[in-house]
Amino acid sequence: MICADLEEFATALPPMRGLIGLDLGTKTIGVALSDRLLNSATALETIKRKKFGLDAEALWALVAKHEVGGLILGLPRNMDGSEGPRAQSTRGFAQNLSRRADFADLPLAFWDERLSTVAAEKALLEADTTRKRRAEVIDAVAAGYILQGALDRLRHVRAG
């Protein structure tokens, strides 16, 4: 179920379940996982994209394995806040996921991902990560930044 905003998402979440954050690219999907208290996000893995059905199955395997209660998809807005083709593609992916029986009851929300990859790249450079290793983990680390931003906002939503 796609939630209109994080307030709706927060009320739809089951208790004591972590979240998965996604950085959806054309070739890969970066995946991050939160703890069950929704305090911190950790880069989990990068899925190489194939066809939608196979991508959805790979995501569902992670949802089931980690007993996840919801998904946060990074929404790639333009710097002026408008939505271009990449944002439309992400919304389409979310629609397709929500139409699948396995994902139908899983709350799903979007989080503005502007500059998440830039922040991830900077962090990996500061950690003196090799170019090869950066290429392997950049999408998962970016997903971690996306998910952490949403977790920080959810904390305020739940407190208010």
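The values are calculated or read from the model by the stated rules, or taken from the named source; none is laboratory data. It should be emphasised that the depicted structure is a prediction, and the values quoted were computed from it without experimental measurement. In this analysis, Cβ positions are derived from the backbone assuming ideal geometry, glycine residues included, and neighbour counts consider all displayed protein chains. SASA here: full protein model, heavy atoms, side chains in, ligands and nucleic acids out. Shrake-Rupley method; radii C 1.70, N 1.55, O 1.52, S 1.80 Å.
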Output for the range 66-92, where each listed residue is over 17 Å from residue 107 (Cα atoms) and either in a helix (DSSP H, G or I) or touching a Pro at 6+ places or on another chain (Cβ under 7 Å) (or both): 85, 86, 87, 88, 89
Residue 121 of a type in the set (Asp, Glu), part of a helix (DSSP H, G or I) and free of Cβ contacts under 8 Å to residues at least 12 places away in the same chain: no
Filtered residue count, the range 133-158, keeping only those that are at pLDDT below 75 and open to solvent by 90 Å² or more (accessible area, probe 1.4 Å): 1
Matching residues, the range 46-92, being within 20 Å of residue 4 (Cα to Cα) and surrounded by 19 or more Cβ atoms within 10 Å (Cβ to Cβ): 68, 69, 70, 71, 72, 73, 74, 75, 76, 90
